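Here the structure is laid out as C-alpha cells; the discussion comes afterwards.
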Amino acid sequence: MASSRPVPALAKPLPAIENGGMESIYLDHNATTPVHPEVVQAMDHCYAEGYANPASQHRPGQRAKKVLEDARERIAEILGADLTGNRPDRLIFTSSATEANNLALLGIARAYQTGPGQVIISAVEHSSVIEPAEHLLEQGFRLDTVGVTPQGVVRVDQFASLLGEKTRVVSVTLGNHDTGVLQPVAELAALSNAAHVPLHTDAAQVAGKLPVHFRRLGVAAMSIGAHKFRGPLGIGALIVRDGVPMVPLCFGGHQQGGLRPGTESVALAVGMLTALELWQQGQEEYAQRLTALRERFEERLKAGVRDLVISGLGAPRLPHTSNVAFPGIDGQMMLMALDMAGVACSVGSACSSGSVELSPTLLAQGLPKEIVSSSLRFSLGATTTAEEIDEACRRILYVYKELGGGQLFTML
C-alpha cells in the first residue's frame, strides 16, 4: 500500500537547489546499482554475435552453449563453488535473487517424500525469503523464526535449539539488506550439517561486495542477484551443493536439469560474469574505500544530530550500508523531503519500499517503534564519491532541521 501522505514543503530551498541547479545523489545501491560500462560492452558483443538458443543441438546452438557454460563455471569459481569436481555443485541461472530464494525454500522443502515438516528462517530475512516461508506454512509446514540480538545478529543458541528431525530447510541471510549486519552463516551451517538439514543463505547484498566462498561457508544453497554488483537486471543465480534434494517450481523444459526450465540468456550470463570479474580485480580497495565513506557519512551525521541512532553498531557490517534513525521525524516524510532535496535513499528493501509497514528487521532488534518509524537506509556503491557524501550530509541535516528536528550541532 503506497503512502498517501502529502510531500512536505521545506521552509526555504537548499542553496544548491535554487534555479534547478542541483544534481541528484544516489544512496540506494542496495536496491540496485548502475550497470558498469564494461558490462554493457560485453553484453553488446553477445547480442552482436547473434548467439543461437544454447539448448539447440546444431552447431550455432552448441557455440552459444559453450559461452554460457564457460560463464557459469567462472561465476561459480569466483563465488567458491566447483561445478567440475567429483561431487559438482550446481549453478542455476534465475531471473533474480528473489526467484533464487523462492526456488531454494520451496524447491528444497517440497522435495521430501515424507510430507510437510519444519522450516526455519531468521527474523531479519528479506521478503523474498519470508513470503515463500509463509506460503509453506499455509501448505501445512511448521514455520519457526530465529530471533536476533539488539545489534541484529542471529542468536546461534536459539537456532540450535530449533533444529530437529522434521526440519526440511533453513534460510539465514548472509548480510542484511536493511542494516548491513553480517550473519554467522558458517557457524549456523555447521550446526545444520550436523543435523543433516540443508541451510540456504541469501547472499544478494554480499556477493560482489565482499569475498564469498560457497564451499567454505558450508551452506547447501546460496542466492545472488547480478544487479546488486553492477551487473544487469534480469539475472540471478542459485548455487546448490551436490546431493541436496530439490524440485522445480516451473515446468515445460529440460534446461538446467529441469530445475529452472526456459531458454537461458547468454548475454545476461556474460554480463553477470563481467561484473563479478571487475569487482574481483579491485575487491580489497573497493571494500576499504566504501567502509571509509560509510564511516565518514555516519560521523558527519552524528556530529549534527544529538540523538542519531545507527542500527547494527557493534556488529560486523557490510561496508556500504548504513541504517540511520532521526528520532522525532517521520521516516516516510523525511524520505520524500530528501527526494525533493536530491538525495535518493530508502525506508527498507526495494521490494517493500512502497509500503508504510515498519521494518521487520529493526523491529526484530527490539528497537522502539518511534525509532523504527524514523529510520532510513542509505547504501553506497562503486560510483559514490567523498564529495557526494559531504553534500548528501549537508542536505540531510538541512532537511532534518526543516522538518522540525531541532537545533543542529553543526551545519556542513
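The values are calculated or read from the model by the stated rules, or taken from the named source; none is laboratory data. All figures in this text were calculated on a predicted structure; none of them were measured in a lab. Heads up: the accessible areas ignore ligands, DNA and RNA and are worked out on the full protein's heavy atoms, side chains in. Shrake-Rupley method; radii C 1.70, N 1.55, O 1.52, S 1.80 Å.
Figures for the structure shown
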item: Phi to ³J(HN,Hα) by Karplus 6.51 cos²θ - 1.76 cosθ + 1.60 over the stretch 125-138, Hz, x for Gly, Pro; result: 7, 5, 4, 6, 9, 4, 5, x, 5, 5, 5, 5, 4, 5
item: Exposure of Thr114 as accessible area (Å², to 10), given a probe of 1.4 Å and all protein chains; result: 110
item: Per residue value of the accessible surface for the chain (all protein chains in place, 1.4 Å probe), Å²; result: 42
item: Among beta bridges that DSSP assigns inside the chain, antiparallel share in %, nearest 5; result: 55
item: Largest to smallest accessible area among Glu125, Glu49, Glu402 [probe 1.4 Å]; result: Glu49, Glu402, Glu125
item: The stretch 225-272: relative contact order as a whole-number percent, Cα under 8 Å and 6+ apart; result: 33
item: Amide proton proximity set for Leu318, modelled H, under 5 Å, gap of 5+; result: Val181, Leu182
item: Contact order normalised by residue count of the chain, Cα under 8 Å, 6+ apart, percent; result: 24
item: Computed accessible area, Cys46, all protein chains, 1.4 angstrom probe, square angstrom; result: 10
item: Karplus-derived HN-Hα couplings along the stretch 213-221 (A = 6.51, B = -1.76, C = 1.60, θ = phi - 60°), whole Hz, x at Gly and Pro; result: 10, 3, 5, 5, 5, x, 7, 7, 7
item: Across Lys369/Lys401; Lys66/Lys166; Lys166/Lys209; Lys228/Lys369, pairs whose alpha-carbon gap is larger than 31 Å; result: Lys66/Lys166; Lys166/Lys209
item: Reported label for calculated Cα Rg over 2.2 N^0.38 Å given (1) 0.93; (2) 1.02; (3) 1.18; result: (2)
item: Per-residue ³J(HN,Hα) for the stretch 379-390, Karplus 6.51 cos²θ - 1.76 cosθ + 1.60, θ = phi - 60°, Hz, x for Gly and Pro; result: 10, 8, x, 4, 8, 6, 10, 4, 5, 5, 4, 5
item: For the stretch 25-172: relative contact order, % (alpha-carbon pairs under 8 angstrom, 6 or more apart); result: 17
item: Heavy atoms of His36 accessible to a 1.4 Å probe, total area in Å² rounded to 10; result: 40
item: Solvent-accessible area, 1.4 Å probe, carbon plus sulfur percent, for the chain; result: 52
